[in-house]
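Notes for the one structure printed next.
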């Protein structure tokens, strides 16, 4: 069961934008992250939920989408995320802890898959712009990671890494998104 969740927990970048994600569903996802491990049990991560069409449309322009697809400007209107979760580190509780963010983000996205949703971890976004739009005090809360959330509108397939070793994801003419993965034997030392 967990392996299937992990296999289905891909980076989705196109969504059914009109299928909104409620505040309560987002709270359920953050509640999963609340229960995860935290460095020195600092629990320094804080979350800003973004679910109204107005706020989503203000966050979207601050995002750089799919670095391995330089000719793709990001999802078109109608395929944009229905919600976002901004993960911030409360500077009063501890320094920014990347491992905590990764654990929390993966837990949230696994929960999203379990709910029939999907998402994408976005590290390439204009932090100050997003903080300004959402009223985040950057002196206190460092915006670290942005999660796009919604009902996926694309097919993502795992494929073996080709002989040339290229691990970059790619799309075919039907917009099927392929993610090369190394074989288990290549990972074991």
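The values are calculated or read from the model by the stated rules, or taken from the named source; none is laboratory data. Computed from a prediction, not measured in an experiment: that's the story for all the values here. Quick reminder, even Gly has a Cβ in these numbers, built from the backbone with ideal geometry, and neighbours come from all protein chains shown.
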Quick one: which helices (runs of 4 or more DSSP H) sit completely within the range 78-189 and have at least 3 residues that are within 20 Å of residue 39 (Cβ to Cβ)? 98-114
Residue in the range 45-67 that is at pLDDT 95 or above, within 27 Å of residue 157 (Cβ to Cβ) and in contact with a helix residue (DSSP H, G or I) (Cβ under 7 Å, 6 or more places away or on another chain) present: no
Every residue from the range 48-100 that is surrounded by 15 or more Cβ atoms within 10 Å (Cβ to Cβ), under 23 Å from residue 168 (Cβ atoms) and within 13 Å of the chain's Cα centre (by Cα): 63, 65, 66, 81
Quick one: residue 48 ticks every box in (1) farther than 15 Å from residue 119 by Cα; (2) in a helix (DSSP H, G or I); (3) in contact (Cβ under 8 Å) with a residue 60 or more places away in the chain except a single one, so which number is it? (2)
From the options 179, 161, 113, 133, residue that is farther than 23 Å from residue 63 by Cα and either surrounded by 19 or more Cβ atoms within 10 Å (Cβ to Cβ) or modelled with pLDDT of 95 or more (or both): 161
So residue 125 fits all but one of (1) under 15 Å from the mean Cα position of the chain (by Cα); (2) under 18 Å from residue 26 (Cα atoms); what number is the exception? (2)
Residues of the range 139-174 classified as in contact with a strand residue (DSSP E or B) (Cβ under 9 Å, 6 or more places away or on another chain) and within 22 Å of residue 84 (Cα to Cα), total: 17
When every residue in the range 13-37 that is touching a helix residue (DSSP H, G or I) at 6+ places or on another chain (Cβ under 7 Å) and assigned to a loop (DSSP other than H, G, I, E, B) is compared, the one modelled with the highest pLDDT is 36
